[in-house]
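Okay, structure first, notes after.
The values are calculated or read from the model by the stated rules, or taken from the named source; none is laboratory data. Note that the structure is a prediction, hence the values are computed from the model and not measured. No Cβ is skipped: glycine too gets one built from the backbone with ideal geometry, and neighbour counts run over all protein chains shown. SASA here: full protein model, heavy atoms, side chains in, ligands and nucleic acids out. Shrake-Rupley method; radii C 1.70, N 1.55, O 1.52, S 1.80 Å.
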Amino acid sequence: MISLLEAQHVSRVFHSGLLNKGHTLAVDGVSLIINEEKPSITAIAGESGSGKTTLARLLLGVIQPTSGSILYRGQNLAAMDRPTRKEFRRQVQAIFQDPYEAYNPVYKVDQVLTTPVYKFGLVHSREEAHERIEQSLRMAGLRPEETLGRYPHQLSGGRRQRIMVARALLLNPRIILADEPVSMVDASLRATILESLVKLKREFGISFIYITHDLTTAYQVSQNIYVLYRGSVAEVGGVEKVIKQPKHPYTRLLVSSIPLPDPDKHWGGESEIESKASAPGAPQAELIGCKFSNRCPYVMAECQQTAPPLYLTDDNRAVACYLHKSGAQISGKEMAELLANL
Ligand code: SF4
């Protein structure tokens, strides 16, 4: 296996308040591997405050881990020389939730496409730049003649987000981190944008890390999923297993909250957990042991003493919960390797 991008037991603490006395453990010992030889779509899912966006920023090198490492082709991001960092910036691209933020309303959308082409010195002439931009727009499902020369406000939110996909594609990336890419897009356009990500993986071998709070779309596009709760991996594995037969009480809560056409029915029917649930994003109490213990209806004495490790419950799924301690213990790194090799 060639590890393209890897988080090795990464944690990130944010300090706040007078003399930095307050602290939040936003990401807590997460390991993840993207295998260069097997393009994949990996979802990172959780509620607001689960640490998923902080993990994405760590993987992009926008912020540094407090402990652990982010590796790009085996090299630590924190100790990379300039040429390798430039290559990393080209090969690891991002698409964010709000496409409008990337645009300057007084410039035509062409500007967001030409800037990266010249910045990375990818072309030798204006004609070559134009050709490359048109090709990327087509790959993102847009017609250049209906897109170029327009101002951002003249395009729908869906098209503006597709231009962000085209901008990422311009640089021939190996991996794209898509942080809630369809949460601000009309429901009717969501499926087509997500389909284009799947197509890009299939046809061009681009891997995606899909950050989302929405398990339905995670299920539609990804092979593997990491469910985060307050910065830690609660459940990780093949998406089919995790979403269709969730085992961690938190994942079961999330799955049970997925609305079905019949408003009286939920996927998992785990309504007893909801009744104990504190509001998502509630202040993080200093919990010893399992972070979910103050919401979990199955809490036992041992849950409040030591944080549960990951237990392998199936050939491609692990759960951080003592209810499943009959399974073999597995480290986050071993689990990341297992999934990356599937
Ligand atoms: Fe609930 Fe205990 Fe499992 Fe945590 S370890 S999810 S508290 S049963």
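Here region 81-205 is treated as an ellipsoid with the same Cα gyration tensor; its semi-axes, largest first and in whole Å, are 21, 18, 14. In the chain, inverting the average of 1/r over every pair of distinct C-alpha atoms gives 21.1 Å as the Kirkwood radius.
Treat every Asp and Glu Cβ in region 145-213 as -1 and every Lys and Arg Cβ as +1, leave all other atoms uncharged, and give the resulting dipole magnitude about the Cα centre to the nearest 20 debye. Can you show the working numbers first?
Working: 10 positive and 7 negative charges, 29 e Å.
Here the size comes out at about 140 debye.
Can you give the charge dipole size of region 22-177 about its Cα centre, rounded to the nearest 20 debye, using +1 on the beta carbon of Lys and Arg and -1 on the beta carbon of Asp and Glu?
On the way: 21 positive and 15 negative charges, 35 e Å.
Magnitude of the dipole: close to 180 debye.
Reported to the nearest whole Å, the Cα centre-to-centre distance from region 104-130 to region 57-100 is 23. Taking all protein chains in place and a 1.4 Å probe, what share, in percent, of the accessible surface of region 141-226 do carbon and sulfur account for? Looking at region 141-226 in its full context, I get 45 percent from C and S. Once R0 is set to 41 Å, what does the formula 1/(1 + (r/R0)^6) return for the Cβ-Cβ distance between Glu127 and Leu342, expressed as a FRET efficiency to the nearest 0.05? With R0 = 41 Å, the Cβ-Cβ based efficiency is 0.40. Our compactness index for region 144-262, the C-alpha radius of gyration over the empirical 2.2 N^0.38 Å, is 1.20.
Free of any GluC sites (Glu not before Pro) that DSSP assigns to a loop and that have at most 12 other C-beta atoms within 10 Å, the longest stretch within the chain is 38-285.
If R0 is taken as 22 Å, the Cβ-Cβ distance between Val13 and Ala78 corresponds to a FRET efficiency of 0.85.
Computed over the Cα atoms, what is the radius of gyration of region 150-197 divided by 2.2 N^0.38 Å, N being its residue count?
Region 150-197 yields a ratio of 1.15.
Run the Debye formula on the Cα coordinates of region 1-63, all scatterers equal and no solvent, and tell me log10 I(q)/I(0) at q = 0.18 1/Å. Summing over Cα pairs of region 1-63 leads to -0.72.
Counting only protein heavy atoms and using a 1.4 Å probe, the accessible area of Leu254 comes to about 30 Å². A simple count of charges around Gln64, restricted to other residues whose Cβ falls under 11 Å of its Cβ and scoring Lys, Arg +1 and Asp, Glu -1, yields +2.
Of all DSSP-defined beta bridges confined to region 136-242, some 55% are antiparallel rather than parallel. Taking the chain as a Gaussian network of alpha-carbon nodes connected by springs under 10 Å, the highest mean-square fluctuation of the residues Val112, Val242, Val27 belongs to Val112.
For region 295-337, what does the convex hull of the Cα positions come to per residue, in cubic angstrom? All intermediate terms of the calculation are to be shown ahead of the outcome.
Values: hull volume 3.5 nm³, N = 43.
Given the Cα convex hull of region 295-337, per-residue volume reads 81 Å³.
Shape verdict for region 43-151, please, from the Cα gyration tensor: rounded (a/c under 1.5), prolate (a/b greater than b/c) or oblate. Since a/c reaches 1.5 but b/c is at least a/b, the shape of region 43-151 is classed as oblate.
The residue list Thr114, Gln223, Ala7 was ranked by how far each Cα lies along the charge dipole of the chain toward its positive end, using unit charges on Cβ atoms, and Thr114 comes out on top. Counting only protein heavy atoms and a 1.4 Å probe, the chain has 47 square angstrom of accessible area per residue. Size check on region 69-109: the Cα extents along the three principal axes, sorted descending, read 40, 20, 14 Å. Would you work out the relative contact order for the chain, in percent, from Cα pairs under 8 angstrom that are 6 or more residues apart? For the chain, the relative contact order is 20 percent. Contact order for region 47-151, expressed relative to its length and based on alpha carbon pairs under 8 Å spaced 6+ residues apart, stands at 20 percent. Ordered from largest to smallest accessible area (heavy atoms of protein chains, 1.4 Å probe), the residues Asp186, Asp98 come out as Asp186, Asp98.
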